[in-house]
């Protein structure tokens, strides 16, 4: 009798963090030794307004199961207006992905300040759990990767 | 018997007034031309509804003596619009069958030449649902 | 192909306890382009840095990846290290394997795997890094202060004190601003003139400070360190270099029915006038709209009496262009005229005045010589009503949404001064909230109530009407739940303050951002409160938001400190991670300029060679000295012409690819 | 239609003769009577083959980018070009002016009326094939086919996009051919109805819908090439350095990617002219992607019509401090 080996699904999560607030928030989570899943990988960008929808799609294409973007709280942007633009861009982009039938829970925006290490860790934990429940991203990925 | 279950939410829904916008400046009551004839005053309507203390307002004389002149609404710096809230309390009473204070047929008798147009209009407004 | 060196730091046990650093170095060694990989106890230590430097030389490295603590910690350190070894500091990337890996994970296998992936992402990015050079731009060691009120004067004096030249542009004939009109100042009740005029004199006589009075800013070009500003000198019709300020002309001028702005129109001045006795510069100015000679060609009396021969009816507007390293906005405020609040009767009754008008009525140098008299009949008032929050904190179209901040205190001051000078006068203040945060402020207000017996009533005034020369005030007493009717001889309205009308067009010239109320926006509400987000533009005083004098002066000095910090530099090193527009891809559509918070993007017609064709195109050009590198433009650009150095589209995508591999 | 053509040709000749313009973008017949092609006419051309009928749907504003650009070296300075704008085209025209893509000085814009353009697919769907000639006659359309003559009500052939027409008012022009063109009687449909229908579906249904549509894409780039908003000098998908360059769709993801990014790049700039869907040889309802963005932005940031004027910032290059958070997406749409 052959038993198929079942590997437990661990989601891959890409987090875009702005340099001034959320990346610093992630550092603070680290300094406070606040654990969150290791499958969350952070990419540093100067500001949430630097996050191009292309990057998010690219992540899904290459096999990410969830993409989260973190920036300064609205009103606190280091560049004053960056996250306001990012907010509109992400809202409309996420709505479009939902419209195409991509699970809306796979994308998220969270505002995390440099002082919110606890929030950063909690957010990542929660997001990872959500994606874990959703399962693998099959709808929006480059199927060539599997060959 | 009055339905005393009228809630703050009901009144806010009927009136569209958000009582939390009030900053308690009293401009409404300062402006009110019929202040003395009212047992509860515009600012109190806002305050009492905000606190959910609605029963006394339903029984009040003020809902009938309010002229609906909208001066308080006009003057309110925060656009809280007390007149609409008073109107809503009144409607909450009127909408219960038979609770209208004034029958339509009684109104012509009360009219006289000096009565301003606005008073007649508001009298009709108070008449029934 | 880059030749990349990877350096994995143990950070003592901080990293090494949870991450198998040797394995990380070993694994990353097999990444494409990696020619050297090692691990060491403390990479940031002198010997750690030595390892990096030696490896760069020994292996001819072109790029460096350091797997260590957060780049926010040691990026600057390591940039210097690699630079010392002869490679561009921007050929370095840091993989954060401490804060974002070893410190948060317990499982060594898991953490090691993550560290490897983070290292790969950094390697993938370094492959696409290009050497970046910080542009240097020289700093013109002169500052411009726009507005000559207490804020502008204080900033200018502080900058001059540090040895830098500073010019003040003031649109009125004299500096001094609103403070010159005030009587006493809270919370100490010292007289405004006594503390202001010495500063005005200082500003006038300081050889580092140039005053451009009766002038306006006409045009602003350039950027931080290198502004070029055109100043318009309005014609005074008086030669300021000849006028001695004797005032002979002002007394002889036959045109006498011109409302005196300084006294809020309570008295009249001549067509030729000096705003007030302590004006700086003390030079006469002719108002051409009032001058009989200018209007009819007859009169010329002032020219006849002027022994200095200073009168010049032919004077024309002049334009002066100067260069500045920094610009300070100190355009100040005005009190609104409460004309739209008809319930207070300001339009109809002379005895209803604004608090700034009241200030003049109380001032010893004012129209009544400091004797408080009713404007309607010149008699002493017996009952005065003050109304606070007139036009402040409202949401209707006639209101300002903000709290004007100074009214509570000056109303308490007025009430106290009235009671002090005329103990018999009955003073009532209607308020919504009394806000007195500030050193000795609440004590001041309490003194008005407790020592001087001023009546404070919570509630607003609903109506003011005059009957037989008496003002009938109808108001709420909310705590008593009563509508009160009281008589008053005067009603003083604490009308809202608003930014000066000149601020909006100035903000456009400076590309400095403003809020919806036309107050200038600060770069950061908490951490950079005296700088505009636009580099080189600084904010002093009430142009940024309502402020009292103590706060204005401290902000003005803080602002000066920031300016001095800038002017002390010979060159500005610009952040090299700035946006850059690819001229062959750019559509010239202006979308990027729309989202740039710094006004760093301009357009020019340029001859472009694209696909074998040479043509003139409208192209976006980024001013690298102004761009702060947020990247808003890069995402809004549909063609991908706009990219960010150091965080380029391809670099970020390479990181994504490496992580998702 | 004939009378309008005559009026139009006379007006064009007048403008060419008096030197206002030196050329005009008009229409010529293509291989079939219903595939009308934009073409440039000058004074010396005969206007015999100049067409103006219900198949002249093409939005001409995009041609002006090329036609009004600064002359290259050794090229003579060209005179003004006459463009014929239907009311809906005038929005694209404005939008391109806003984006500095058209030199307004080099264009003379003549507003032409439109009573809805025709869709040959609708004839085919009625089973009418072998079309030889089509003649519009008032409310009716006479179709000559290999199998005999047919007559169809004009309103049954109107392009779907015209059924939610923006109206007969031009937002930009130098002159109107018929100054008081009346509103045509259209069988109006709510332009967001189809989007709403999709929104009401479950995510799975939507996914299946879009997969079945987008998998038809042959990446011919017709949608991109015709779109007046999608007018980059070099498209990101053609730029080898962009990191996303791709000439064909290698898999499902790339089909999605191309169309998401295309819709994203024109979001806030798309005037909803509907050309993308009209030209798609695979009949993919591409306009439903653009309309989704338009609908979302209208609902979230206030009504906005790209090309209404030449100044107002688009919704994605503006913001308010109280904009909805992206999490609003979780509570919108069909399956909550």
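Here are some notes:
- Taking the three principal axes of the alpha carbon atoms in the stretch D:249-293, the coordinate ranges are 30, 22, 12 Å, sorted in descending order.
- Across the stretch C:4-128, Cα pairs under 8 Å and at least six residues apart give a relative contact order of 32 percent.
- Averaged over residues, the count of other Cβ atoms within 10 Å places the peptides B:13-19, D:202-208 in the sequence B:13-19, D:202-208, highest first.
- Residue with peak Gaussian network fluctuation, chain D [Cα springs, cutoff 10 Å], from D:37, D:234, D:189: D:234
- The stretch D:166-212 - Rg over Rh from alpha carbon coordinates, Kirkwood radius: 1.29
- In degrees, nearest ten, helix C:150-161 long axis to first principal axis of chain C (Cα): 50 degrees
- Based on the Stokes-Einstein relation at 20 °C and a viscosity of 1.002 mPa s, and on the Kirkwood radius from alpha carbon pairs, chain B is assigned a translational diffusion coefficient of 144 µm²/s.
- Relative contact order for chain C: 13 percent, from Cα pairs under 8 Å spaced at least 6 residues apart, divided by residue count.
- For the protein assembly as shown, the alpha-carbon coordinates run over 104, 93, 80 Å along the three principal axes, in decreasing order.
- CD proxy at 222 nm, helix term only [per DSSP H run n ≥ 4: -39500 (n - 2.57); per residue of chain C; nearest 500]: -8000 deg cm²/dmol
- Rg(Cα) / (2.2 N^0.38 Å) computed for the stretch C:155-218, rounded to two decimals: 1.21
- Peptide C:636-647 shows a mean partner chain C-beta count of 6 within 10 Å per residue C-beta.
- Translational diffusion of chain D, µm² s⁻¹ [Kirkwood Rh, Cα pairs; Stokes-Einstein; 25 °C; 0.890 mPa s]: 114 µm²/s
- Put simply, when A:112-121, C:340-349 are sorted by average Cβ atoms within 10 angstrom per residue, most first, you get A:112-121, C:340-349.
- The mean sequence separation of alpha-carbon pairs under 8 Å and at least six residues apart, normalised by the residue count of the stretch C:248-305, gives a relative contact order of 36 percent.
- Packing here is the average count of other Cβ atoms within 10 Å per residue, and on that basis the peptides C:164-177, C:364-377, highest first, run C:164-177, C:364-377.
- Computed log₁₀ I(q)/I(0) - Debye formula, equal Cα scatterers, no solvent, the stretch C:335-498, q 0.09, 0.18, 0.20 Å⁻¹: -0.26, -1.17, -1.47
- Taking every DSSP beta bridge that has both ends in the stretch C:335-498, the antiparallel portion is near 45%.
- Here is how the number arises for chain D: DSSP H runs of 4 or more residues each give -39500 (n - 2.57), the sum is divided by the residue count, and the result at 222 nm is -9000 deg cm²/dmol.
- Taken residue by residue and averaged, Cβ atoms of other chains lying within 10 Å of the Cβ of A:19-27 number 4.
- Principal-axis tilt of helix C:549-567 within chain C, Cα atoms, nearest 10 degrees: 40 degrees
- Rg [Å, one decimal], Dmax [Å, integer] - the stretch A:13-139, C-alpha atoms: 13.7, 40
- Across the stretch C:579-645, Cα-Cα distances exceeding 16 Å account for 38% of all pairs.
- DSSP finds beta bridges in the protein assembly as shown, and of those with both partners inside it, around 50 percent are antiparallel.
- Fewest-first ranking of C:293, D:147, C:598, using other Cβ atoms within 10 Å as the exposure measure: D:147, C:293, C:598
- q = 0.14, 0.31 Å⁻¹: log10 I(q)/I(0) that the Debye formula gives for the stretch C:248-305, counting C-alpha atoms only: -0.35, -1.36
- Debye intensity ratio in log₁₀ form over the Cα atoms of chain C, taken at each q of 0.06, 0.07, 0.12 Å⁻¹: -0.50, -0.65, -1.20
- Test item: C:616-629 mean partner chain Cβ contacts at 10 Å: 2
- Choice from A:39, A:137, A:19 with maximal GNM fluctuation in chain A (Cα, 10 Å cutoff): A:39
- Distance from the C-alpha centroid of the stretch C:1-77 to that of the stretch D:132-200: 68 Å, rounded to the whole angstrom.
- Surface/4 estimate of mean projected area, convex hull on alpha-carbon atoms of the stretch A:1-75, nm²: 6.9 nm²
- Rounded to 5, percent antiparallel among DSSP beta bridges of the stretch D:68-211: 65 percent
- Kirkwood radius and radius of gyration were both taken over the C-alpha atoms of the stretch C:192-252, and their ratio Rg/Rh is 1.07.
- Most mobile listed residue (A:107, A:91, A:123) in chain A, GNM with C-alpha springs under 10 Å: A:91
- Computed over the stretch D:193-331, the P(r) tail beyond 20 angstrom holds 51 percent of alpha carbon pairs.
- Going from the residue with the fewest nearby Cβ atoms within 10 Å to the one with the most, A:60, D:52 rank D:52, A:60.
- Share of alpha-carbon pairs per 10 Å distance bin for the stretch A:54-99, given as whole %: 24, 47, 26, 3
- Translational D in µm²/s for the stretch C:173-281 (Stokes-Einstein at 10 °C, 1.306 mPa s, Kirkwood Rh from C-alpha pairs): 98 µm²/s
- Helix D:287-301 vs. chain D, principal-axis angle (Cα, 0 to 90°, nearest 10): 70 degrees
- Per-residue Cβ neighbour counts within 10 Å put D:198, D:64, C:607 in the sequence C:607, D:198, D:64, beginning with the fewest.
Every number here is computed from the coordinates shown, using simple stated rules; none is lab data. A quick note: this is a predicted structure, and the numbers were derived from the prediction, not measured. Cβ atoms come from the backbone with ideal geometry, glycine included; neighbour counts cover every protein chain shown.
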